[in-house]
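Could you have a look at this structure, given as structure tokens, before my questions?
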Amino acid sequence: MSARIVAILVVLLVALGGAALLLQREDSARRPQNVSSLGQLLFKDLKAADIARIRIVEPKSTLTLSRKEDGWVIVERGDFPADFAKVREFVVKAVSLKIAQSEPVGEKDRARLNLDEPGKQGATAATQLEFAGADGKPLAKLLIGRKLFRSEPENPERALGDGRFVMLPGDDKSVYMISDPLLQATAKSAEWIDKRSFQIEKVKSLEVRYPGGDGWRLERAAENASWKLASQRPGEKIDSSRANAATYSLSLLDLADVAPKDASPETTGLDKPTRLNATTFGKLSYAVRVGKLEGESYYVKLESGGAEKDKLFAERVLLVPKSRLEDTLKKRSELLETRQAGKK
């Protein structure tokens with residue numbers, strides 16, 4: 001092989017090597033800078049067993065969940081019990097979150113994705129999620145922004161979403177996309193409370209007295225006996241199905257929420273309430289006040305009575321779904337059979 005051919009081969013090898021290096025660089029430029037993080041855990045060192053406190057900070061409200069010996073409680077609702085299953089599901093989900101995609105982000109992008117710091121008031125502020133241990137030391141923190149959609153829905157606010165834009169503290173240059181919309185990450189206590197309530201079972205007598213003073217009273221001699229309406233007038237006949245509904249509904253009570261401790265009687269309507277007084281065949285008595293309607297729920301106060309387990313509810317102002325009380329709060333005339341036209 002001549003020296004001239006050897007020289008040509010050397011030049012070709014150098015050219016091929018340079019081309020390969022150039023292609024490798026172009027390929028690297030096309031790939032996301034954080035490609036190594038895709039599919040990785042969002043919280044690398046967070047363990048479910050270590051979490052003893054969860055704090056959710058929104059622009060106008062904050063909710064804190066704290067783990068006690070007998071379960072989780074909501075600090076802002078006077079340590080009222082939280083729904084253990086919901087908290088457990090949320091914790092398991094959080095420690096399992098994985099990065100689906102990562103992109104560089106600027107200040108304008110953060111505002112567009114609702115990822116501004118929570119201290120900044122307005123629609124662009126993020127929801128901040130914090131986890132802490134039993135000693136109060138922080139374990140992890142996350143900024144939660146807009147919901148992510150594969151296709152734009154008609155109403156983004158109401159749509160569930162296919163994922164979420166999030167950011168980790170200390171890295172304001174990267175936004176991560178996760179495949180879970182994190183709908184439970186809210187500071188609304190109604191989404192976290194244990195909805196079990198006091199319940200009045202096997203009612204023997206029930207008196208309902210409205211703020212104006214009028215009302216009615218039902219009573220029966222035995223569990224299978226017919227209801228008697230106090231001061232029943234000639235020609236009046238009680239509708240047994242309505243009487244049963246008015247009393248049985250009290251055994252189905254559950255909670256929509258718990259009012260803040262500083263809720264005033266004027267705000268709740270418990271200064272001028274409808275009063276319920278009930279006795280049961282289990283030899284229990286209940287005095288209950290029903291206040292104003294807030295949305296689809298009534299403010300309710302268990303004033304006295306009940307079983308030992310009901311003390312938890314007597315210490316707080318509750319919000320009970322309207323649907324659970326509407327049969328009990330009927331007017332006296334609505335408990336009577338309706339005469340059909342043409343019949344005497």
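The values are calculated or read from the model by the stated rules, or taken from the named source; none is laboratory data. Values in this document were obtained by computation on a predicted structure and should not be read as measured data. All Cβ positions, glycine included, derive from the backbone under ideal geometry; neighbour counts span all protein chains shown. Remember, those area values only see protein heavy atoms, side chains included, never the ligands or the DNA or RNA. Shrake-Rupley method; radii C 1.70, N 1.55, O 1.52, S 1.80 Å.
Among the candidates 161, 119, single out the residue that is on the phi > 0 side of the Ramachandran plot and at pLDDT below 95.
Answer to the selection: 161.
Can you name the condition, by its number, that residue 74 falls short on among (1) open to solvent by less than 10 Å² (accessible area, probe 1.4 Å); (2) more than 30 Å from residue 310 (Cα to Cα)?
Answer for residue 74: the failing condition is (2).
I would also like to ask the following. Could you grab me the full set of residues in the stretch 206-265 that are part of a loop (DSSP other than H, G, I, E, B), of a type in the set (Lys, Arg), under 25 Å from residue 306 (Cβ atoms) and without any contact (Cβ under 8 Å) to a residue 40 or more places away in the chain?
220
Looking at this structure, is residue 134 farther than 21 Å from residue 61 by Cα and over 23 Å from the mean Cα position of the chain (by Cα)?
Judged against the criteria, residue 134 is a match.
What pairs come up if the first residue lies in the stretch 319-334 and is touching a residue at least 24 places away in the same chain (Cβ under 8 Å) and within 20 Å of residue 197 (Cβ to Cβ), the second is open to solvent by 60 Å² or more (accessible area, probe 1.4 Å) and not in a loop (DSSP other than H, G, I, E, B), and their beta carbons are under 7 Å apart, counting only those six or more places apart or on different chains?
Note: pairs meeting the criteria are 319/294; 322/293; 324/252.
Pairs please, first residue from the stretch 279-306 and in contact (Cβ under 8 Å) with a residue 60 or more places away in the chain, second anywhere and part of a strand (DSSP E or B) and open to solvent by 60 Å² or more (accessible area, probe 1.4 Å), Cβ atoms under 6 Å, 6+ apart in sequence or on different chains.
So the pair list comes out as 279/204; 279/285; 280/204; 281/204.
Then there's this: Quick check on the stretch 283-305. Is at least one of its residues over 28 Å from the mean Cα position of the chain (by Cα), at positive phi and open to solvent by 20 Å² or more (accessible area, probe 1.4 Å)?
Taking every residue of the stretch 283-305 in turn, at least one turns out to be over 28 Å from the mean Cα position of the chain (by Cα), at positive phi and open to solvent by 20 Å² or more (accessible area, probe 1.4 Å).
Would you pick out the residues in the stretch 44-82 that are assigned to a loop (DSSP other than H, G, I, E, B) and either modelled with pLDDT under 95 or not hydrophobic (A, V, I, L, M, F, W, C) (or both)?
Passing the criteria: 44, 45, 47, 58, 59, 60, 61, 69, 70, 78, 79.
Here is a further query. So residue 202 ticks every box in (1) surrounded by fewer than 16 Cβ atoms within 10 Å (Cβ to Cβ); (2) farther than 30 Å from residue 308 by Cα but one. Which box is left unticked?
Condition (2) is where residue 202 drops out.
Among the residues of the stretch 136-167, which ones are free of Cβ contacts under 8 Å to residues at least 24 places away in the same chain, over 15 Å from residue 103 (Cβ atoms) and in contact with an Asp or Glu (Cβ under 8 Å, 6 or more places away or on another chain)?
Hits for the stretch 136-167 are 138, 149, 150.
Does residue 278 satisfy the criteria of being closer than 26 Å to residue 75 by Cβ and small (Gly, Ala, Ser)?
No.
A follow-up question, please. Within the stretch 174-204, count every residue that is in a loop (DSSP other than H, G, I, E, B), of a type in the set (D, E, K, R) and more than 30 Å from residue 115 (Cα to Cα).
4
Right, something else. Looking at residue 31 and the list (1) modelled with pLDDT of 95 or more; (2) over 14 Å from the mean Cα position of the chain (by Cα); (3) of a type in the set (Lys, Arg), which single condition is not satisfied?
Of (1) modelled with pLDDT of 95 or more; (2) over 14 Å from the mean Cα position of the chain (by Cα); (3) of a type in the set (Lys, Arg), only one is false for residue 31: (1).
For residue 160, are the conditions met, namely being under 16 Å from the mean Cα position of the chain (by Cα) and open to solvent by less than 80 Å² (accessible area, probe 1.4 Å)?
In short, no.
To keep it simple, each residue is scored yes or no on (1) more than 17 Å from the chain's Cα centre (by Cα); (2) surrounded by 19 or more Cβ atoms within 10 Å (Cβ to Cβ); (3) more than 19 Å from residue 189 (Cα to Cα).
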residue: 46; (1), (2), (3): yes, no, yes
residue: 60; (1), (2), (3): no, no, no
residue: 64; (1), (2), (3): no, no, no
residue: 69; (1), (2), (3): yes, no, yes
residue: 79; (1), (2), (3): no, no, no
residue: 84; (1), (2), (3): no, no, no
residue: 91; (1), (2), (3): no, yes, no
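I'd like to check which strands (runs of 3 or more DSSP E) are fully inside the stretch 272-341 and have at least 1 residues that are within 22 Å of residue 214 (Cα to Cα) and among the aliphatic types (A, V, I, L, M).
274-280, 285-294, 297-305
Out of (1) in contact (Cβ under 8 Å) with a residue 40 or more places away in the chain; (2) within 20 Å of the chain's Cα centre (by Cα), the odd one out for residue 183 is which?
Checking residue 183 against (1) in contact (Cβ under 8 Å) with a residue 40 or more places away in the chain; (2) within 20 Å of the chain's Cα centre (by Cα), the one that fails is (1).
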